[in-house]
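Comments concern the structure below.
Computed from the coordinates by the stated procedures, all read-outs in this text should not be read as laboratory data. What you are looking at is a predicted structure, and each value in this text was computed from that prediction instead of being measured. Here the Cβ is made from the backbone with ideal geometry for all residues, glycine too, and neighbour counts use every protein chain on show.
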Amino acid sequence: MNHLSPTQDAFYSRRQAVAMLSAAGIGSTVLQRALAVQAAEGPVTREMIVSAEWVSGVTLTDAQRETALNVLKWSREGTDQVRKVELNNAQLPGLNFTPFASSAASPDPRGYDAPGRQEPVDATVRPDSDEELAFSSVRQLGNLLRSRQVSSVELTELYLNRLRRYDPLLKCVVTFMDVLAMQQARKADDELHRNFDRGPLHGIPWGLKDIFAWPGYPTSWGVGQYRDRVINVKSAVAERLESAGAVLIAKLATNTLAGGSTIWWRGKTRNPWNPRQDAGGSSSGSAAAAAAGLVGFSIGTETSASIIGPSRRCGAVGLRSTYGRISRFGCMQLCWSLDTIGPICGYVDDCGLVLEAIHGSDPRDRAAVDRPFVWPSSRDLTSIRVGYDPRRGDLDTSVHLRGLRELG
């Protein structure tokens, strides 16, 4: 997409023409600029070159005029061709940032079996209230689904109702996706009843930050002017979660262009535990919805603290994945060499389950690679060494460090 104004177009055309004339060794700087200005205004002719000579006080030979004529025609034709190329946010950059020691894939990088396996069912009892049910972990919800104490349709209706109830206060939703959600929920119930189990996320309602595309629904990138724009592409993360059987119920708010600004076009997204305070950015809607029990889990993105920042403020668990762990296809890019994707959930275990489903390579994002990941981890925590900055707390004063010590 060409975003240059006519004035900017003319400037870049003139600059390119001057450079080419200089390389050809034709005339003075004044002559080169005079020729470039005329070339930007219409078809290049011999008369234009003669006029430019008069303006600049320079006289060219016939051979130099012929060379200048050809140079300017090539410049204009090349510029016209470049401007015909449609560029969009999905266009991969010419240089690819891959800060990895090796690109070799592991034999089983995704860490889980193909759809059709049977998830184990623990003895989870349905909570007495829908409020408690809404704050259940993904694993608890999965156990309730498989023991048929609740259906995916019932969970989807519960979370959609909660989003509508609390969004006027929190302003965390951009687009409700009821039709799609109910279709996916009914499909999940049917498959689970037939013992076709897609894994721990099967039938779980979730929300997607509104910089990811889904066909038929608006993708605003946090910009009011784009509120009705539809990008008919299914983002890689949404594809993988659909394959895992998760139920997409809403596009969630972000501030303008996910840039960490303080501008939300629908109004400031609020911290559910302190509505006088904003939810942080840029994955504000994802963090607020996850923390308030409005979705089973959500997806955010991070260039610089856009997952961990709002998660910390809202009291959710945010996982900023390692660069290259998750494909960014179908997602607005703020910085190709920094942007990452990750889950925002109510529980640490939930983040592991979601990451297990969405990580891995993708030919549509050259930075995405396959690396092993299996959750839950069987590693003994006592074998892990944790470093900390004593200027930010010590073992006696830091809640986080005390928690790690208690874990072994």
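For the reader, a short list of remarks on this structure follows.
- In Hz, Karplus ³J(HN,Hα) per residue of the stretch 192-203 (6.51, -1.76, 1.60; θ = phi - 60°; x = Gly, Pro): 5, 5, 8, 6, 9, 9, 8, x, x, 9, 4, x
- Electrostatic tally near Thr219: other residues with Cβ closer than 12 Å to its Cβ, Lys and Arg +1, Asp and Glu -1, net +3.
- Tail beyond 25 Å, pair distance distribution of the stretch 130-377 (Cα, percent): 34 percent
- In this entry, the stretch 119-265 is assigned a mean projected area of 9.0 nm², taken as a quarter of its C-alpha convex hull surface.
- Amide H contacts of Asp362 (H built 1.01 Å from N, in plane; Pro and chain starts excluded): Ala368 sit under 5 Å, all sequence-distant by 5 or more or on other chains.
- Paramagnetic reach from Arg391 (point 7 Å along Cα→Cβ, amide N under 18 Å) across the stretch 291-320: none
- When the convex hull of its Cα atoms is projected in every direction, mean area for the stretch 268-361 (nm²): 5.6 nm²
- Taking 18 Å as the straight-line reach from the Cα of Lys209, the lysines in range (excluding those fewer than 8 positions away in the same chain) are Lys171, Lys234, Lys251, Lys268.
- Packing order of peptides 304-310, 84-90, 200-206, 43-49, highest average first: 200-206, 304-310, 43-49, 84-90 (average count of other Cβ atoms within 10 Å over each peptide's residues).
- D_trans [Stokes-Einstein, Kirkwood Rh over alpha-carbon pairs] for the stretch 207-251, 25 °C, 0.890 mPa s, µm² s⁻¹: 229 µm²/s
- 5 angstrom amide H check on Gln277, placed H, neighbours 5+ away: Asn271
- Rounded to whole numbers, the Karplus 3J(HN,Hα) couplings from phi for the stretch 381-390 are 5, 5, 8, 9, 9, 10, x, 8, 9, x Hz, using 6.51 cos²θ - 1.76 cosθ + 1.60 with θ = phi - 60°, and x at Gly and Pro.
- Global geometry of the stretch 332-401, whether rounded, prolate or oblate, following the gyration tensor of its Cα atoms and the 1.5 cut on a/c: prolate
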